[in-house]
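Undergrad: To start, I am sharing the structure in question, which I have written as structure tokens.
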Amino acid sequence: MLALGRLITALVTPFTDDGTAVDPARLEQLIAHCLATGTDGLLVGGTTGEGPTLEQSEFLTLVSTAKAHAPDGVMVMANVGTNCTRTSVARAIAAEASGADALLVVCPYYNKPPQAGLLEHFATVARATSLPVMIYNIPGRTAVNLLPATFAMLIGRCPTVVGIKEASGDLEQMSEVVRLIASSGRSDVHLWSGDDGITAEVMRRGGVGVVSVVSQVAGVQLQRIMAAALRGEHDEAARLQQELEPLVQAAFRTTNPIGIKLMLNALGVPVGPVRLPLIDPAPAEVAAILAPLALAT
């Protein structure tokens, strides 16, 4: 088993029904549901967790609550990345103090730093604590792409950087990252898919798992995909991936995490609403989002 987990679930943040507060009891229930259906790593406060809308006290409540309810061997990762290095460092230190086992650090968004700036940003945050760090590359949201060569330099400089969540959508880039990891001599560094819909293909190219949104409703199916890939049965993994595709498409029919929260609430795992600036799906979208739930665990 990988230290950070192979099926790392990017948890939604459960709110009270009016959306004004984090609901720790609902988070406990969500974690139990995910662990029972295949999750072996937990991520809190990420994009799926509506991290940009959380106050610091709410974020730290997520970390401490998840840690309190994660069994031995299941690591709690906290998203501490922002577009300000000093703020990211402060969040990293606070997350460690609240019990986080690992950190996720996204590429700084909006200010579009050059590659040298990305390298220094990640290195500075990584040095702020002793925790293992996963980098998150998602240029569709951040408007900046972490290049493979930059990641290779980072893992050469920072021994606590142990992985990358790759959501660039560029499979050739992911293959290059895997190749550079292999040539670095760092056997502790791995690549995870950041996109549920290409998990099988990413693992065929050397990825080790997925940081997943839909595992909150389809953890068993994702574990089957990964098990087939790990056995080298890549055609079978691709077939299982294709079976799951309608659910993946439905979950991302509108801006994440609107769809997955709707699905969880419909399945009887209460997580409350999304917060502004996100809104509930339009009535015409609800049926389409919920239609594939027959595929869910």
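Undergrad: Local charge sum around LEU11 (other residues, Cβ-Cβ under 12 Å, Lys/Arg +1, Asp/Glu -1)?
TA: 0
Undergrad: Moving to a separate point now. How would PHE122, PHE252 rank on accessible area, largest to smallest, probe 1.4 Å?
TA: PHE252, PHE122
Undergrad: Now for a separate question. How much of the DSSP bridge set in the chain is antiparallel, in percent, rounded to the nearest 5?
TA: Looking only at bridges with both residues in the chain, the antiparallel portion is about 5 percent.
Undergrad: Then there is this: Please give the direction-averaged projected area of the C-alpha convex hull for segment 233-297, in square nanometres with one decimal. Provide the component values of the computation, followed by the final result.
TA: Numbers: hull surface 19.6 nm².
Mean orientational projected area (segment 233-297, Cα hull): 4.9 nm².
Undergrad: Still on this structure: Between GLU172 and ALA21, how high is the FRET efficiency from 1/(1 + (r/R0)^6) when r is the Cβ-Cβ distance and R₀ = 41 Å? Nearest 0.05.
TA: 0.40
Undergrad: Further, regarding this structure: Rg and Dmax of segment 166-288, using alpha carbons, in Å: what are they?
TA: Rg then Dmax for segment 166-288, in Å: 16.2, 52.
Undergrad: Can you give the accessible area per residue of segment 128-172, in Å², using a 1.4 Å probe?
TA: Per-residue value: 36 Å².
Undergrad: With θ taken as phi - 60° and the coefficients 6.51, -1.76 and 1.60, list the Karplus ³J(HN,Hα) couplings across segment 40-51 in order, rounded to whole Hz; mark glycine and proline as x.
TA: With coefficients 6.51, -1.76 and 1.60, one gets 10, x, 10, 10, 10, x, x, 4, 4, x, 6, x Hz.
Undergrad: Tell me, what HN-Hα J-couplings in whole Hz come from the Karplus equation 6.51 cos²θ - 1.76 cosθ + 1.60 at θ = phi - 60° for each residue of segment 149-160, using x for Gly and Pro?
TA: Running phi through 6.51 cos²θ - 1.76 cosθ + 1.60 with θ = phi - 60° gives 4, 5, 4, 4, 5, 4, 6, x, 9, 10, x, 8 Hz.
Undergrad: Please work out the Cα center distance from segment 67-112 to segment 207-269, rounded to the nearest Å.
TA: So the two Cα centres are separated by 24 Å.
Undergrad: Something else about it: Once you list every other residue whose beta carbon is under 10 Å from the beta carbon of THR61, what net charge do they have if Lys and Arg are +1 and Asp and Glu are -1?
TA: -3
Undergrad: Related question: Give me the three principal axis extents of segment 147-223 from the C-alpha atoms, as integers in angstrom, largest value leading.
TA: 38, 24, 17
Undergrad: At a Förster distance of 22 Å, what's the computed FRET efficiency of ALA3 paired with ALA149, Cβ-Cβ distance as r, to 0.05?
TA: 0.30
Undergrad: Okay, moving on. Ranked from the most accessible area to the least, with a 1.4 Å probe and all protein chains present, what is the order of ILE93, ILE260?
TA: The ordering from most to least exposed comes out as ILE93, ILE260.
Undergrad: What do you get for Rg/Rh over the chain if you use C-alpha atoms and the Kirkwood form of Rh?
TA: So for the chain, dividing Rg by the Kirkwood Rh gives 0.94.
Undergrad: Using the C-alpha atoms of segment 36-107, what convex hull volume per residue, in cubic angstrom, is computed?
TA: Given the Cα convex hull of segment 36-107, per-residue volume reads 88 Å³.
Undergrad: At 0.36 nm per residue, minus the direct Cα-Cα distance, what do GLN115 and SER130 gain on full extension? Give it in nm, one decimal, please.
TA: Value of the extension gain: 3.0 nm.
Undergrad: Using helices alone, what [θ] at 222 nm do you get for the chain, with -39,500 (n - 2.57) per DSSP H run of 4 or more residues, divided over all residues and rounded to the nearest 500?
TA: Computed ellipticity for the chain at 222 nm equals -14500 deg cm²/dmol.
Undergrad: Separate question: Per q in 0.09, 0.10, 0.18 1/Å, what log10 I(q)/I(0) does a Debye calculation on the alpha-carbon atoms of segment 46-163 return?
TA: So the normalised log intensities work out to -0.22, -0.27, -0.88.
Undergrad: Let me ask something additional. Using a 1.4 Å probe and ignoring any ligands, DNA or RNA, find the accessible area of THR16 and quote it in Å² to the nearest 10.
TA: 40 Å²
The values are calculated or read from the model by the stated rules, or taken from the named source; none is laboratory data. Every value quoted in this text rests on a predicted model; they were computed, and no experiment measured them. Neighbour counts run over all protein chains shown; Cβ positions are idealised from the backbone, glycine included. All accessible areas refer to the heavy atoms of the entire protein, side chains included, with ligands and DNA or RNA removed. Shrake-Rupley method; radii C 1.70, N 1.55, O 1.52, S 1.80 Å.
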